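Structure, as structure tokens:
Where a number appears in this text, it was derived from the coordinates with a stated rule and is not lab data. Everything numeric in this text was worked out from a predicted model, so none of it was measured. No Cβ is skipped: glycine too gets one built from the backbone with ideal geometry, and neighbour counts run over all protein chains shown.
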Amino acid sequence: MSARGPWQTKPMKIAFFEVGKWEKDRYRTRLRDVETAFSHETVQETDLDGLTDSWGISVFIYSHLTSDTLRKFPELKLIATRSTGFDHIDIEFCKKNKIHVVNVPFYGENTVAEHTFALILALSRNVHKAYCRTIRQDFSLEDLQGFDLKRKTLGVIGCGKIGMHVIRIAKGFGMEVLAYDTKKDVFLAEVLGYRYVPFEELLGSSDVISLHVPYNKKTHHLINKESLKKVKKGAILINTARGGLVETEALVWALDQGILGGAGLDVLEGEELMLEEGYVLNKDYSKNVLKTFVQNQMLLRREDVVITPHNAFNSREATLRILDTTCENILRFIEGNPQNVVVP
């Protein structure tokens, strides 16, 4: 290999966290010249003994790489997150300490869009309620009447690659599409037949609202009590992006008030507390965090809410693209020609 940088006299060691059994052999095969270590747990759950000398770490979204955590890796030069988003990483700390952060910008645009419509259809045709009923040997049709998507209006908030795939699928169903984004592609809007409108107009005119924006300080609680007051009565809210986009307390309120007719959620605010039974008891959390945890439990019990476990990305094809891009990111960094750089 070409120039490796200041760590070239030391073994190139990278620690992978949140890795399934089937992934390990593929990583070892692609990264033959790299010493690899694997944990199926998050960084915060893993015993880091023997791993802190790693020059690289690779994580998924549940490993929170705070400054305190990153200080445990004094040799760290590279963080390869196996996600598009990077809000789980202390970016400012990485900038100050010259730690490269690379991500997987494209892997499942169609994958997440297809899951978005799986959630929409589950709610529009009461698939989840019908399934739960029939496994109890109850074949009655009471309260199972759904609605057609044809000629309904879909509001897409965030028109990046995933949002565009959602729009294309919606047009195939014969839906009208409204879009909100800070950047407008007028040519594509004309070709695909959708309209850009202000945020408030989208909320008030859409039968289905789908979120596809990144999570950051500006988009935190983008959907809150005030914005939900502007929603068309009975609309369905879909979130396959990030849990923090939606204020959980406001969501429960809107469902209770009948403002929303339902919600399809692949992500939850504070979802890391839902990962493992008893996890919430292992640490002192703030009152607000515990309140959100309880409200998530309330959402799980509702018939007008469909929740999946952050699974929208999880197709065979998409997970392989994530794995292969991550390997390529690591190899390109070792060669001195990094790609998909978030923090240079």
Looking only at segment 26-38, decide whether some residue is surrounded by fewer than 21 Cβ atoms within 10 Å (Cβ to Cβ), in a strand (DSSP E or B) and of a type in the set (Gly, Ala, Ser). yes
Entirely in segment 60-169, the helices (runs of 4 or more DSSP H) that have 1 or more residues that are in contact (Cβ under 8 Å) with a residue 24 or more places away in the chain, surrounded by fewer than 17 Cβ atoms within 10 Å (Cβ to Cβ) and basic (Lys, Arg): 91-96
Being in contact with a Phe, Trp or Tyr (Cβ under 7 Å, 6 or more places away or on another chain) and of a type outside the set (D, E, K, R) narrows Ala235, Ala189, Ala254, Ala250 down to just Ala189
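Just wondering, is there one or more residues in segment 255-276 that are β-branched (Val, Ile, Thr), within 23 Å of Leu121 (Cα to Cα), buried (at least 16 other Cβ atoms within 10 Å of the Cβ) and within 19 Å of the chain's Cα centre (by Cα)?
The initial filter retains those residues of segment 255-276 that are β-branched (Val, Ile, Thr), namely 259, 267.
This time we only want the ones that are within 23 Å of Leu121 (Cα to Cα), so: 259, 267.
Add one more test, that the residue is buried (at least 16 other Cβ atoms within 10 Å of the Cβ), and what stays is 259, 267.
Retained after the next criterion (residues that are within 19 Å of the chain's Cα centre (by Cα)): 267.
So far as segment 255-276 goes, yes, one or more of its residues are β-branched (Val, Ile, Thr), within 23 Å of Leu121 (Cα to Cα), buried (at least 16 other Cβ atoms within 10 Å of the Cβ) and within 19 Å of the chain's Cα centre (by Cα).
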